[in-house]
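The values are calculated or read from the model by the stated rules, or taken from the named source; none is laboratory data. As the structure is a prediction and not an experimental result, all values here were calculated from the model. Neighbour counts are summed over all protein chains in view; Cβ atoms, including those assigned to glycine, are modelled from backbone coordinates with ideal geometry. Each accessible area value is taken on the protein alone, full model and side chains, heavy atoms only, with ligands, DNA and RNA left out. Shrake-Rupley method; radii C 1.70, N 1.55, O 1.52, S 1.80 Å.
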Amino acid sequence: DEYLGRVDQEFGAKDRFFAHYYYNDFNNNGVLNPSNLLTYSDMSNIRFQSALLSETHIFTNNLLNNLVVNYSREISIRGPLANAPDAASFGVNIYQPAQKSIQGISASGFFQVGDNPQATFQRNNYTLADDLHWIKGRHSMGFGVHAELSKFDINSLFQLPGTFTFNSNTTNYALASFLLGYLYQFNQGSGQYLNVRNHFLGFYGQDNWQITRRFSLNYGLRYEPYFPWQELRHRISQFNPAAYNAGRRSTVYRNAPPGLLFPGDTGVPEQGVRNSYTDIMPRVGFAWDVFGTGKTSLRGGGGVFYDTRTPGSMLGQGASATPFSVSVTLTQPIGTFSNPYAGITNPFPAPTVPAANTVFPTPVTAYTFDPSGNYKVAVTYDWNLTGEQQITNNLLARIAYVGSHASHIFTALDLNPAIYTPGSTLSTNQRRYYQPYSSIVETNMGGNIGYNSLQATLQQRMANGLTLMANYTFAKALDDLPYGGTGGYGNSGPGPGGSYVYPVTFANYKALDRGPADFDFRNTFSASYVWDLPRLVNGTRPLRAILNDWETTGIFQAQSGGPVTVVAGSDRSQTGLLQDRAQTVSGQYALGGNACRGHNGPCVNWLNPAAFTQPAIGSFGNVQKGAYRGPGYFDWDAGLLRNFHFTEQAMLQFRAEYFNILNRANFQDPVSSVSSGGFGSVTSASDPRIAQLALKMIF
């Protein structure tokens, strides 16, 4: 349900005012079918409201100011339907909340059952923005400020129902591990409670300077200091290796293991990291009419852009860990699915308000920023150079080089990998470097992304009834982020399972993760057209009525395949990082098309399963990120329109529209985990041909 109201008012000749109010209420029904739990999903309700006031004042003919005040509020509620089952319903011996739900039961490569448990999220934003525009001679200047107060609150049963993961580690087949109850990983927590506040400030000044009739220069400077989110109850922790090695313990929570410190302990910033005041963003651009004819232009520019606005959920995972929310992560536990706490103390139910003597169930999962407290704000450097040529009165050609580089991109490093010990019967957690810890996840700002592209465009403005736009891009995007692109960042901030293939203790731990970015599509072509078909001037009136007033439209899209990374799908390295790659087999073609040479029957494999195998126990595999390419994409959407004119003010339009009119099978990427069923084969495709008919009244 959506409502929008707006009022505009002029006060004299120099003041203009407007106000608007927006309301949106979204409801999504949950699904609960006891005979098919694969369809299990939450209900949700999201209500958003926004009110805005704006006032524009004209001081003089060349000086204008615009002031905007805005308030927005969003409340989101989610949860399972009534009468949902929980893990205890199937005989699992763990504590469960009163509101029953299944959060996550999965067998890698086969199925996943569950959804998030009950939770409420509330966001409030207060914004003040002011922009001053001043024209002085050949200069058009702008100055402004943007100020914002943000509030974000979470009240959630996150992780309390528990998550259960099965893979092929024990049985070499994930589904067998599930049927036999051999858990690879078990997680349970006592909920997620977060109350964070922040303020954002931005200042800018810019000038468009028309130096000559043929040459203009644009330059500006923006300044945005970085302020970390403030957690009202200081639900922030820091793992300090030096403190661990010295045996130093927290004075705030006395039972915390060595090295785990909190605000109030010596050297720990109140909000985990410190403010940054060096985020200065210059930018410059130019436009040049090369010959003074208005038909040939050269444009270019570059700028620096800091991402000072980290999401409020950045602290979510840390707030859901011990001591703020008692959390247990067991990797390859002694107990089975029915009794995962076998051999250790079950801490649940647990209090949600920690005391100074709170017990830390082992192994402890920790979330930390850089112990120095110095936060590296993500920064992007953009640059481009574009030449344009008007070929005819209606035809324009454009060619451009566009590039960018980003540094300090977020990754979630696991600082505590397990150490592989041949013949050891110890569990993954028992073999970790720092004891008695499980994963130690660091919010690390060490990622890098580079992008370079050649972009060519041909644009035909309306001529003889035809409008055409065509664009071709040849691009290359490389990064050193962990495979998957998110780097372990989920809805609640950094989490385990997003680290690199190699442990951070390796000198070159990013080696297998340097490669094509997820958005690296080398060749992309798109074209669109609108064509008013020629009118029949001569001929009988019925014939003209049939053949005239037709129009056709279309969009072409073609793209080369994206990067594909072949993974092991199980923890062959025995490090607990879950990022191991497949091992290539010498003498075998990797691509299925080559593997099918000499075969009479069809080949269903995009990748040749015989070309890959699981790496040996204790090793990481050798497949580089993005080493292979998936299927390309080609699509033509087309429409045929007929206009019926009744009067000058009214027209009826008939539309016949076709998506993927050629009905081409656009295959999606193949199954890329060696341990998954159907490895190497393509199991899905984009939509087939879809047609729709419509009538549209224009008046």
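Exceeding 29 Å between C-alpha atoms, which entries from my cross-link table qualify? They are LYS100/LYS625; LYS376/LYS625; LYS14/LYS136.
Table pairs above 29 Å Cα-Cα are LYS100/LYS625.
Between GLN122 and LEU662, what is the spin-label point distance in nm, taking each point 7 Å from the Cα along the Cα→C-beta axis?
5.5
Rounded to the nearest 20 Debye, what is the dipole magnitude of the stretch 1-80 about its Cα centre when Lys and Arg each give +1 and Asp and Glu each give -1 at the C-beta?
I would put it at about 120 debye.
Between LEU132 and ALA342, what is 0.36 nm times their sequence separation minus the Cα-Cα distance? Round to one decimal in nm.
Length difference between fully extended and current span is 68.9 nm.
Quick one: if you stick a label point 7 Å off each Cα along the C-beta vector at MET141 and MET462, how many nm between them?
Reported label-point gap for MET141 and MET462 is 4.1 nm.
Taking just the C-alpha trace of the stretch 252-382, give me its Rg and Dmax in Å.
Over the stretch 252-382's Cα set, Rg and Dmax evaluate to 25.1, 83 Å.
Of the accessible area of the stretch 188-335, with the probe set at 1.4 angstrom, what percent is carbon plus sulfur?
Ligands and nucleic acids excluded, carbon and sulfur reach 57 percent.
Let me know the volume per residue of the alpha-carbon convex hull for the stretch 35-192, in Å³.
181
In the chain, with Lys and Arg counted as +1 and Asp and Glu as -1 at Cβ, which of these residues, GLY302, ASN198, LEU695, has the Cα nearest the positive end of the dipole, that is, farthest along it?
GLY302
Treating only the Cα positions of the stretch 20-63 as identical point scatterers, give the base-10 log of I(q)/I(0) from the Debye formula at each q in 0.23, 0.31, 0.32 Å⁻¹.
Computed log10 I(q)/I(0) values: -0.83, -1.02, -1.04.
Quote the charge dipole size of the chain about the Cα centre in Debye, to the nearest 20; the model charges only the Cβ of Lys and Arg (+1) and of Asp and Glu (-1).
Dipole of the chain, to the nearest 20 debye: 840 debye.
Compare the peptides 580-586, 313-319 by average per-residue count of other Cβ atoms within 10 angstrom and give them in order, highest first.
Highest mean packing first, the order is 313-319, 580-586.
Expressed in whole Å with the largest first, what are the equivalent ellipsoid semi-axes of the stretch 438-581 derived from the C-alpha gyration tensor as the square root of 5 times each eigenvalue?
Here the semi-axes work out to 54, 16, 12 Å.
For a label point 7 Å from the Cα of THR425 along Cα→C-beta, name the residues of the stretch 317-353 whose backbone N is under 15 Å from it.
Taking a point 7 Å out along Cα→Cβ of THR425, the residues of the stretch 317-353 whose backbone N falls under 15 Å are 334-335.
Ignoring any ligand, DNA or RNA, what whole percent of the accessible area of the stretch 504-554 comes from carbon and sulfur when the probe is 1.4 angstrom?
Heavy-atom surface of the stretch 504-554 belonging to carbon and sulfur, 1.4 Å probe: 63 percent.
Whole-Hz Karplus ³J(HN,Hα) for the stretch 239-244, in order, using 6.51 cos²θ - 1.76 cosθ + 1.60 and θ = phi - 60°, x for Gly and Pro?
Computed from phi, the couplings for the stretch 239-244 are 9, 10, x, 5, 5, 4 Hz.
So if we plug the beta-carbon distance of THR540 and ALA694 into 1/(1 + (r/R0)^6) with R0 = 25 Å, what FRET efficiency do we get, rounded to 0.05?
Computed FRET efficiency for THR540 and ALA694 comes out at 0.25.
If one computes P(r) from the Cα atoms of the stretch 109-252, what percent of pairs lie at distances over 18 Å?
Cα-Cα pairs of the stretch 109-252 separated by over 18 Å account for 77 percent.
Here are labelled values, (1) 49, 36, 28; (2) 51, 27, 25; (3) 46, 33, 27, and one is the computed semi-axes √(5λ) of the Cα gyration tensor in Å for what I pasted. Which one?
This structure yields the entry labelled (1).
Under 21 Å Cα to Cα from LYS151, which lysines show up? Leave out anything in the same chain fewer than 8 places away.
Those lysines meeting the cut-off do not exist here.
Give me the extension gain from ASN93 to THR362: residue separation times 0.36 nm, minus the current Cα-Cα distance, reported in nm with one decimal.
Going from the current span to full extension adds 94.9 nm.
Considering only protein heavy atoms, what is the solvent-accessible area of LEU232 at a probe of 1.4 Å, reported in Å² to the nearest 10?
Its accessible surface works out to 90 Å², give or take rounding.
Just the number please: accessible area per residue for the chain, 1.4 Å probe, all protein chains included, in Å².
49
If you take the beta carbon distance between THR293 and ARG16 as r and set R0 to 45 Å, what does 1/(1 + (r/R0)^6) give as a FRET efficiency, to the nearest 0.05?
The pair THR293/ARG16 has a calculated efficiency of 0.70.
Provide Rg over Rh for the stretch 365-458; use the alpha carbon set for both Rg and the Kirkwood Rh (inverse mean inverse pair distance).
Taking Rg over the Kirkwood Rh, I get 1.36.
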